[in-house]
Every structure is written in structure tokens, then in C-alpha cells.
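Have a look at the structure below, then the notes.
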Amino acid sequence: MQGVNKKIKSFTLSEMMVVLVISAIVISLAITVLNLVQQQIKSINTNYEKNTELRLLERALQYDFNKGEVVYNSRDSLLISHQSTDNTIYEFHKNYILRNNDTLHFKIIAIQPFVNGQPVATGAVDALSLTLMDEIKNKELFFFKPNDATFYMNNDGF
């Protein structure tokens, strides 16, 4: 009897190399897509946080404007809302706004306080125009409060 020639079925070295190359390409594409998805999620979270902070600023300023007398000091860039129980102080800096102890990260372009529709520099105000810088465009906010008779009486000296 001659030696039995038994062949074992298997892949050749070149076939294994092709599988490895294709696997490497698929894995690199999957990693690239995963990185893109992570960047999109990070961008969405950043936009959400900025919009949430902007809504917080809008609500806080509108609330403080309508709860008491509002005084603006242009020299120190302070807006003070005098209420019956306490005062709320806004400090406007170039890159942020302090509301009492809360820091709101906004770049401020312009602040313009008004009384009866006329721009003023210091004193009691009934409206405030605030222009903030955003990465895409500038955001303009306008806050006001309706004046009652006591406001006009106090400002006109009656």
C-alpha cells in the first residue's frame, strides 16, 4: 500500500490575507462613522446647553423686570432689580453675565437701557436691549415692563 494522501480542507494563505484586509477596511469604516456620530452628539449637546442657558437668562431677566423697580448703572455695568424681599444684581462683563452668584456665559456686544422708549445711561429703567454674540449670529434680546402710574409719579417728582 502506498502512502495515503489525505487532504485537509482549509483556506490558503492568500485567502486569509484577503479576509484580513477586508475586515480591516470594514472596522476602520465603522470607527470613522462612530467618531462622526460622537461629534454630532457633542455638537447637539453643546447647542442644547447654550439654548438652555439663554432661556434661563431670558426668563430670569423678564421675571426680575416685572417684579420690582429696575435701576441700571452704566459706569459699573450693573442692573439691579429692587424687590420687596431682596435685590437681584446683574453684572455685565465682556464674556459673561453674573446674576447674583450664577454665571451665564455669553459674550456681550451691546447693552442699551430705556425709559419711556428713550435711551438712558443710568437710573431707573423700564426696558433693556441686550445684544449677545453667538458663533453663528448675534442674538438680540429685549426686556420691558409695563409702567404703572406710580412709576411716572416717582420719576416726574410728584
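No value in this document is a laboratory result; all are computed from the given coordinates. Everything quoted here is computed from the prediction, not taken from an experiment. Heads up, the Cβs are rebuilt from the backbone with ideal geometry, glycines too, and the neighbour counts pull from every protein chain shown.
Structural remarks
- Amide hydrogen proximity for residue 69: with H placed 1.01 Å from N in the peptide plane, the residues at 5 or more positions away or on another chain lying under 5 Å are 82.
- Between residue 96 and residue 27, the C-beta separation translates, for a Förster distance of 41 Å, into a calculated FRET efficiency of about 0.40.
- In the range 2-109, chymotrypsin sites (Phe, Trp or Tyr not before Pro) in a DSSP loop with at most 15 other beta-carbon atoms within 10 Å: 11, 96
- Between residue 66 and residue 112, the contour length at 0.36 nm per residue exceeds the Cα-Cα span by 14.8 nm.
- A straight chain from residue 20 to residue 83 at 0.36 nm per residue would run longer than the Cα-Cα distance by 15.5 nm.
- Percentage of interatomic Cα-Cα distances in the chain larger than 20 Å: 64 percent
- Cα→Cβ-extended label distance, 7 Å offset, between residue 10 and residue 36, nm: 4.0 nm
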